[in-house]
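Reading through the structure tokens given below for one structure.
No value in this document is a laboratory result; all are computed from the given coordinates. Fair warning: this is a prediction, and the values are worked out from it, not measured in the lab. When we count neighbours, we look across all protein chains shown, and the Cβ atoms used for this are built from the backbone with ideal geometry, even at glycine.
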Amino acid sequence: MKTSENKNYLETLKERAKKSHVYRKYQLTGLIIARLLNDEKHKSLYIKLAKEHNNQHLLGIAKDVSERKKIQNKGGYFMRVLSKTHPYLLKKRAEK
């Protein structure tokens, strides 16, 4: 009996892990940016940027980048645009 209970519990934990746990607005913004840029690997970076900076401004840049068809690495291009247009955003992170 104990083995089946443990198995069910582990399956429940696996199902819970698949669901998104968003508690703050900046977390949702970061996840939206990651989806727009097709860059789920770096979602924690986008969440951190959204936490520290203007969410609407970051979303605007991400939407602009996502609409460009010729760009293959949209996440890299997004960071490049950020570093060119708003160098203070990324310098602050580097100085810490």
| task | Give the shape of the chain as rounded, prolate or oblate, defined through the alpha-carbon gyration tensor: a ≥ b ≥ c are the square roots of its eigenvalues, a/c under 1.5 means rounded, and otherwise the shape is prolate if a/b is larger than b/c and oblate if not. | result | prolate
| What residue among Lys74, Lys84, Lys51 has the largest mean-square fluctuation in a Gaussian network model of the chain, using Cα springs under 10 Å? | Lys84
| task | Specify which residue in the list Leu13, Ile32, Val81 is farthest towards the positive end of the charge dipole of the chain, using unit charges on the beta carbon of Lys, Arg (+1) and Asp, Glu (-1), about the Cα centre. | result | Val81
| task | With 31 Å as the limit, write out which pairs from Lys19/Lys48; Lys51/Lys84; Lys14/Lys51; Lys19/Lys63; Lys7/Lys48 have Cα-Cα distances beyond it, or answer none. | result | Lys7/Lys48
| task | Could you order peptides 30-42, 6-18 by the average number of other Cβ atoms within 10 Å of their residues, highest first? | result | 30-42, 6-18
| Near Leu59, within a Cβ-to-Cβ distance under 13 Å, what is the net charge of the other residues, with Lys and Arg +1 and Asp and Glu -1? | +1
| message | Given the DSSP H assignment, sum -39500 (n - 2.57) over each helix run of at least 4 residues in the chain and divide by its residue total; what's the result at 222 nm in deg cm²/dmol, nearest 500? | response | -23500 deg cm²/dmol
